[in-house]
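The values are calculated or read from the model by the stated rules, or taken from the named source; none is laboratory data. In this text, all values refer to a predicted model and were calculated from it rather than measured experimentally. Counting neighbours? That spans all protein chains shown, and the Cβs are built from the backbone with ideal geometry, glycine included. Surface accessibility is based on the protein's heavy atoms, side chains included, excluding ligands, DNA and RNA. Shrake-Rupley method; radii C 1.70, N 1.55, O 1.52, S 1.80 Å.
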Amino acid sequence: QVHLVESGGGWVQAGGSLRLSCAASGRTCSRYAMGWFRPAPGKEREVVAAISGGGSITYYTDSVKGRFTISRDNGKNTVYLQMNSLKPEDTAVYYCATTYASSWTKSSPEYGYWGQGTQVTVAS
């Protein structure tokens, strides 16, 4: 059974930084893409950033490009989201997820295993 646990959320003023972590267990995570998601208007969740199983491919939604960086340490079965220059509109619950079987995808329906979420609040 795949289990994901997020940490690192919190409160920060606009312009500040946070680093989210997601520890995975239950399978060899290096074979599978992982991503960070948050709720979005008109969608259940949008992909904020995603990374391939080997870490060579990354994706960012336009609103976070240049500010957020996704990375992974497969030796620790952990994926990170470094968030810099945070804005109030980044306020959300951030969810970590991994795919059922794909080594790379940014398609949300293929992400079948989810963490419980961690709250990020950015004050103006």
Condition check: under 14 Å from the mean Cα position of the chain (by Cα) and farther than 16 Å from Gly9 by Cα. Does Tyr113 satisfy that? yes
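Looking at Arg67, Arg45, Arg38 in this structure, which one is within 27 Å of Val122 (Cβ to Cβ), of a type in the set (Lys, Arg), touching a Lys or Arg at 6+ places or on another chain (Cβ under 7 Å) and open to solvent by less than 40 Å² (accessible area, probe 1.4 Å)?
On the way: Arg67 fails: touching a Lys or Arg at 6+ places or on another chain (Cβ under 7 Å); Arg45 fails: open to solvent by less than 40 Å² (accessible area, probe 1.4 Å).
Selected residue: Arg38, the only one of Arg67, Arg45, Arg38 that is within 27 Å of Val122 (Cβ to Cβ), of a type in the set (Lys, Arg), touching a Lys or Arg at 6+ places or on another chain (Cβ under 7 Å) and open to solvent by less than 40 Å² (accessible area, probe 1.4 Å).
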Consider only pairs whose beta carbons are under 8 Å apart and that are at least six residues apart or on different chains; among these, list those whose first residue lies in the stretch 89-108 and is under 11 Å from Ala33 (Cα atoms) and whose second residue is assigned to a loop (DSSP other than H, G, I, E, B) and open to solvent by 30 Å² or more (accessible area, probe 1.4 Å). Thr98/Tyr32; Thr99/Tyr32; Ala101/Tyr32; Ser102/Tyr32; Ser103/Tyr32; Ser103/Gly54; Trp104/Ile57
Exclusive hit being within 15 Å of Thr78 (Cβ to Cβ) and surrounded by fewer than 13 Cβ atoms within 10 Å (Cβ to Cβ), set Ser7, Ser21, Ser25, Ser30: Ser25
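Taking Thr28, is it modelled with pLDDT of 95 or more and hydroxyl-bearing (Ser, Thr, Tyr)?
Working: modelled with pLDDT of 95 or more: no; hydroxyl-bearing (Ser, Thr, Tyr): yes.
Answer is no for this residue.
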Give the residues of the stretch 45-67 that are in contact (Cβ under 8 Å) with a residue 24 or more places away in the chain and not aliphatic (A, V, I, L, M), sorted by residue number. Arg45, Glu46, Ser52, Gly53, Gly54, Tyr59, Ser63
Residues of the stretch 71-110 satisfying the condition of being open to solvent by less than 10 Å² (accessible area, probe 1.4 Å) and either under 30 Å from Gln13 (Cβ atoms) or in contact with a Gly (Cβ under 7 Å, 6 or more places away or on another chain) (or both): Val79, Leu81, Met83, Leu86, Asp90, Tyr94, Cys96, Ala97, Thr99
